[in-house]
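The values are calculated or read from the model by the stated rules, or taken from the named source; none is laboratory data. These numbers were taken from a predicted model, which means no experiment stands behind them. Counting neighbours? That spans all protein chains shown, and the Cβs are built from the backbone with ideal geometry, glycine included.
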Amino acid sequence: MAVFKPHFPFLNDIKNKGLMPAVLYKINESVERLTAGLDIEDIRSVLRGDPPPRPNPRVKPHADGFWFHMRPTYYHNLTAGLYPSFRLGWLSTYFFAFETITGLILMLFYTPSPLVAYENMLNLLGNVPFGRLMRDLHKLGAEVMVWVVFLHMIRTFITGNYKKPRQFTWFTGVVLLLVTLILSFSGYLLPWDQLSLWAVTIGASMAEAIQPQAVGDIANLLLRGGPQFNEWGLLRWYLGHVLLLPLVGFIFLGVHYYKVVIHGHSLPPESEPVGEDTAKRVPTDQRTYFMPDVLTRELFYVSVTTFLLVASTVFWYHAPLEPHAEYLITPLHTTAPWYFLWLQGMLKVGDKFLWGVILPGAIFNGLMILPYLEVGPSRRYGDRRVGLTVGALVLIVLAILSYMGTPHYAVSSSPDQEVVAELLPQTEPGPLRTANWAELTPGTYTAAEWESAPTETLKKLLHTYEEEMVRAADNPTCRAAGNCLVDGEGLMIVEDWQEGLKKITFRVTWGEAPEDFCLPGAQNEFCQTAYFHRDSNYGQGE
Amino acid sequence: MTWRVILGTVSLVLTTILLGFVAVTEPSRMEGFTRAYETRQIEVGATLFEGRCITCHGVQGQGIEGVAPALNAADLLVGSPLPPRLQEIGWAGSTEDYIRSAIAGGRPRPSAAFATYPQRMPTWGEEYGGPLRKDQVDSLVAFIMNWAPQYGGAGAAPTPAIEGVGTDITIELPAGDAATGKALAEGKGCTACHVTAAVGPAWLASADPNGEGVGARAEKRFTGADYTGKAASAQQYLFESIVLPGAYLVPGASYVNATNGQSLMPAIYGGSLTKQEVADLIAYLESLK
């Protein structure tokens, strides 16, 4: 009685069929298992573009496989192409996965502590092969994802897909939009540079405006970890960024897509009778099977998008990294990220609580319940002139508010500082630091006499300087504020300071300029020094 | 469908080529970034120096008589094996570390050679209650070290990794210098236990019950009947005592851990002392008879 009887059917196969046929059979069988139902011949027929045989083996993965069971077996011919979906939902999903993967890699090199977070960035950029690429891809992916998700919503609004029976799909979509925005924003704080600290400080200061004051104070403390951003604040934003928000996103993505499949991809508005939803009733002759048409379209989108992202980051896009976060130095113009500029614009309009908390809250709540309020039966463009016009107006208002959020609108500042900041910005390298070091000949130069400077680089810098001085001497903003630089003079002094290091002093004076040079507390004078090293190489992005 | 498959495949191939391109250029890019960042630290350090340091140390770090010493000075930045001012106080680390520790922790009193300064150097490091973060102190160090090239020094350089002497006591050591060895013994902390204190065996003859210094004892020990080590000369015996402190424990010695019978001396010096340093220490110890 054998307790253990070896059992090798493969050997029997070889005995019966011969070695090669048995191996080929085994390979074919493995492929069929991996694809959950398609053998090699089926795949070749798919790739050749043959019409599906009957019974269609290409529907088997939808029944047996995990990944394909989530996807419909076929689309209506009218929804399989670019219009009406533009595949923006698929792209949003792709970016969610893309950000998760690049983010996981970045997590390996990151510690959520103000003591080392910035050092981690330097290590990532200077010590980790592909580190900069991953950081750039993650950042660029996040920015593009906001666009893609936003456009997905706009498209859904325009084609009226939020209407019955897809109201709840729209609702979860708005949640996903919020998750995307907050995910993108919460990633801002993590590098712990100046950009991080001040962009997120602006965001958190809105929480402070919540009334009653006690609630605002608590919300503010929760977001910052203390009166100002500290290690606890950073840890919270980090955990939100890597755990809470992705989890919420993951859950809502599941619900959202489940609803999409349950209701089917809705047809272009003009292709079905008003008030009817025929998405689930696809006539046999109108079917585009997922395999291979939709699948190749999706894979095509993914590979081209990946290529575009990688090419952009390799050749031109680099995620910014500003100097280490510094509580004591507020950069001249701090702005929210571009997708929150509209919010910053609203804050300039009036009361922080009303415009920064109540209204944005109302906007997002309104978006969520839109399909339950706007219940007109027709999805056709011609029947929805009012709705589409309101939508367009909202977009225009959003654009105007975003402009108002930029420093160009209603920001009072000192024209003397603005002049120097034009040459020596605090948040980016700027003209001086990207200038040719060798051509910064030591000497004292006046902006007005830029033409007599000894080198091209100096001429260019001084010319910019002079243009800014002329602008600061008279413009509507300074006239309104009464601080125009009348009789102004711009001075630039270049000194050799150390081996490979030059000291550059900018001195802007106006009116009755002081005799002494750059003494603290002097009137009608603004001085700023900068040091510039031969090898500091600001041209490379960070 | 065909053009989608072709374009998609081409995109994949191009992506792979781009990644390969990145892989090839990555080492030089990383090196470039590191160099750029190091020099930006010098720029940041210069700005900090202008804001925090020039009132005592002078605009160009040349020092102010009666206030604070020069930092832009050869005797701080260059010298072999260490700049004179570091040797004078028995500093055993790099110049960068010396400057970093002086900025971060301040100076409780001026060193003996510069005793004319009435004010003490305040603590600047955040970890000691000062206003500057670690990266800011590092930037100041980078800026100060950038004065070294004008005195023929190498400029800012990371603390060199030490190639330890190892634990093979039969290797040939370079010629040692007793004076350098004495400075090392003080700088590395040996004297905390070994001069006269009751922990390690005292080196000085005046503190030994038999009136023998460590040099004299070493000449006899390795021939003793109960000796368990491998030394074949007094030098090797001292070498062994430094890098393999457990090789031989003198019976009844005060430096034996009562619970496990091991020596209290850490067995780390084979990895943290260079050949030259061990040779200098041995020369110094041999002179203590």
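Here are the numbers for the structure shown:
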item: Hits in region A:430-470 (condition: of a type in the set (Phe, Trp, Tyr) and either closer than 11 Å to A:Gly490 by Cβ or out of contact with any strand residue (DSSP E or B) (no Cβ under 9 Å at 6 or more places or on another chain) (or both)); result: A:Tyr445, A:Trp450, A:Tyr465
item: Verdict on A:Leu308 being within 13 Å of chain B (Cβ to nearest Cβ), aliphatic (A, V, I, L, M) and within 18 Å of the chain's Cα centre (by Cα); result: yes
item: Residues that are surrounded by fewer than 20 Cβ atoms within 10 Å (Cβ to Cβ), within 14 Å of another protein chain (Cβ to nearest Cβ) and in a helix (DSSP H, G or I), drawn from region A:102-119; result: A:Ile105, A:Glu119
item: Condition check for B:Ile54: among the hydrophobic types (A, V, I, L, M, F, W, C) and within 11 Å of chain A (Cβ to nearest Cβ); result: no
item: Tally, over region A:359-386, of residues that are free of Cβ contacts under 8 Å to residues at least 40 places away in the same chain and under 24 Å from A:Leu178 (Cβ atoms); result: 8
item: Single match in A:Gly216, A:Gly254 (criterion: in a helix (DSSP H, G or I), at pLDDT below 95 and either surrounded by fewer than 16 Cβ atoms within 10 Å (Cβ to Cβ) or not aliphatic (A, V, I, L, M) (or both)); result: A:Gly216
item: Residue that is hydroxyl-bearing (Ser, Thr, Tyr) and within 37 Å of the chain's Cα centre (by Cα), where the choices are A:Thr455, A:Thr529, A:Thr446, A:Thr509; result: A:Thr529
item: Members of region A:43-72 that are under 33 Å from the mean Cα position of the chain (by Cα) and not aliphatic (A, V, I, L, M); result: A:Phe66, A:Trp67, A:Phe68, A:His69, A:Arg71, A:Pro72
item: Region A:135-175, residues that are of a type in the set (Gly, Ala, Ser) and modelled with pLDDT of 95 or more; result: A:Gly141, A:Ala142, A:Gly173
item: Test: residue in region B:10-20 that is within 29 Å of the chain's Cα centre (by Cα) and within 8 Å of chain A (Cβ to nearest Cβ); result: no
item: Members of region B:90-114 that are within 18 Å of the chain's Cα centre (by Cα) and assigned to a loop (DSSP other than H, G, I, E, B); result: B:Gly90, B:Trp91, B:Ala92, B:Gly93, B:Ser94
item: Odd one out for A:Gly81 among (1) over 27 Å from A:Val146 (Cα atoms); (2) surrounded by 15 or more Cβ atoms within 10 Å (Cβ to Cβ); (3) at pLDDT below 90; result: (1)
item: Number of positions in region A:73-86 that are assigned to a helix (DSSP H, G or I) and either under 29 Å from the mean Cα position of the chain (by Cα) or free of Cβ contacts under 8 Å to residues at least 12 places away in the same chain (or both); result: 1
item: Any hit, region A:2-18, residues being within 26 Å of A:His69 (Cα to Cα), at pLDDT 85 or above, assigned to a helix (DSSP H, G or I) and of a type in the set (S, T, N, Q); result: no
item: Search result, residues across region A:311-349 that are outside any loop (DSSP other than H, G, I, E, B) and within 14 Å of chain B (Cβ to nearest Cβ); result: A:Ala311, A:Ser312, A:Thr313, A:Val314, A:Phe315, A:His324
item: Identity of the residue in region A:123-137, in a helix (DSSP H, G or I) and surrounded by fewer than 20 Cβ atoms within 10 Å (Cβ to Cβ), that ends up farthest from the other protein chains (Cβ to nearest Cβ); result: A:Asn123
item: Pairs, first within 12 Å of another protein chain (Cβ to nearest Cβ) in region A:33-53, second loosely packed, with under 12 Cβ neighbours inside 10 Å, C-beta under 8 Å, six or more apart; result: A:Gly49/B:Thr2
item: Among the residues listed as A:Thr505, A:Thr529, A:Thr509, the single one being among the hydroxyl-bearing types (Ser, Thr, Tyr) and surrounded by fewer than 17 Cβ atoms within 10 Å (Cβ to Cβ); result: A:Thr505
item: Helices (runs of 4 or more DSSP H) lying entirely in region B:218-289 (those with 3 or more residues that are surrounded by 15 or more Cβ atoms within 10 Å (Cβ to Cβ)); result: B:234-243, B:275-286
item: Members of region B:23-48 that are of a type in the set (Val, Ile, Thr), facing chain A (nearest Cβ under 7 Å) and farther than 17 Å from A:Leu124 by Cα; result: B:Thr39, B:Ile42, B:Thr47
item: Strands (runs of 3 or more DSSP E) fully within region A:446-542 counting 3 or more residues that are charged (D, E, K, R) and away from chain B (no Cβ under 14 Å); result: none
